[in-house]
Amino acid sequence: MNKQQLQQQIEQVYLDILIELNIEKVDNYFAPDYVQVTDHITTDINEFKAHLEKLKAVVKSLTIETFKDMLIDEAKQTVFLRYDVIVEKKDNSIGNIEVYAVFTFNDDGKVIACNELTKEYDEQVKGLGSI
């Protein structure tokens with residue numbers, strides 16, 4: 001994919017998967033051999049889906065106002081993102097999490113790997129990055 005296609009793909013992934021928590025669409029964007037490392041914890045595609053289910057159970061909404069940084073390496077088919085996610089939980093508590101993530105895409109345009117680090121600004125969202 002070229003840079004524009006990678007940007008469009010990652011933005012759609014975030015909209016459908018993280019913001020809307022549409023677990024049914026995971027297979028549209030992520031390869032079956034997908035591996036994610038979040039805060040040094042490695043998960044596969046099924047564990048990633050379970051993570052999304054847990055998020056859906058405790059989160060009312062997730063908001064990303066803007067990506068602070070988006071660096072795209074067309075040759076490596078990677079996208080680096082830095083952003084804050086605003087979390088509103090179902091108990092009405094609100095908190096912010098800072099995220100640094102590198103996504104790697106395969107030739108089919110699906111994510112095969114994500115390596116991310118999260119830092120919670122607020123106690124009420126502690127551990128949500130790898131729940």
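The values are calculated or read from the model by the stated rules, or taken from the named source; none is laboratory data. Because the structure is a prediction, the values reported are computed rather than measured. Every residue, glycine as well, gets a Cβ built from its backbone with ideal geometry; the counts of neighbours run over all protein chains shown. Only protein heavy atoms, including side chains, enter the accessible area calculation; ligands, DNA and RNA are left aside. Shrake-Rupley method; radii C 1.70, N 1.55, O 1.52, S 1.80 Å.
Of the residues that make up region 103-113, is at least one open to solvent by 70 Å² or more (accessible area, probe 1.4 Å), closer than 30 Å to residue 4 by Cα, assigned to a strand (DSSP E or B) and of a type outside the set (D, E, K, R)?
no
Among (1) open to solvent by 80 Å² or more (accessible area, probe 1.4 Å); (2) outside any strand (DSSP E or B); (3) within 19 Å of residue 108 (Cα to Cα), where does residue 32 come up short?
Residue 32 satisfies every listed condition except (2).
Filter region 1-29 for residues that are without any contact (Cβ under 8 Å) to a residue 40 or more places away in the chain, among the charged types (D, E, K, R) and surrounded by fewer than 16 Cβ atoms within 10 Å (Cβ to Cβ) and give the result.
11, 20, 24, 25, 27
Anything in region 114-131 that is modelled with pLDDT under 90, surrounded by fewer than 17 Cβ atoms within 10 Å (Cβ to Cβ) and in contact with a strand residue (DSSP E or B) (Cβ under 8 Å, 6 or more places away or on another chain)? List them, or say none.
Scanning region 114-131 gives 120, 121, 122, 123, 124, 126, 127, 130.
Go through region 35-54 and give me each residue that's assigned to a helix (DSSP H, G or I) and either within 12 Å of the chain's Cα centre (by Cα) or within 18 Å of residue 100 (Cα to Cα) (or both).
48, 49, 51, 52, listed by residue number.
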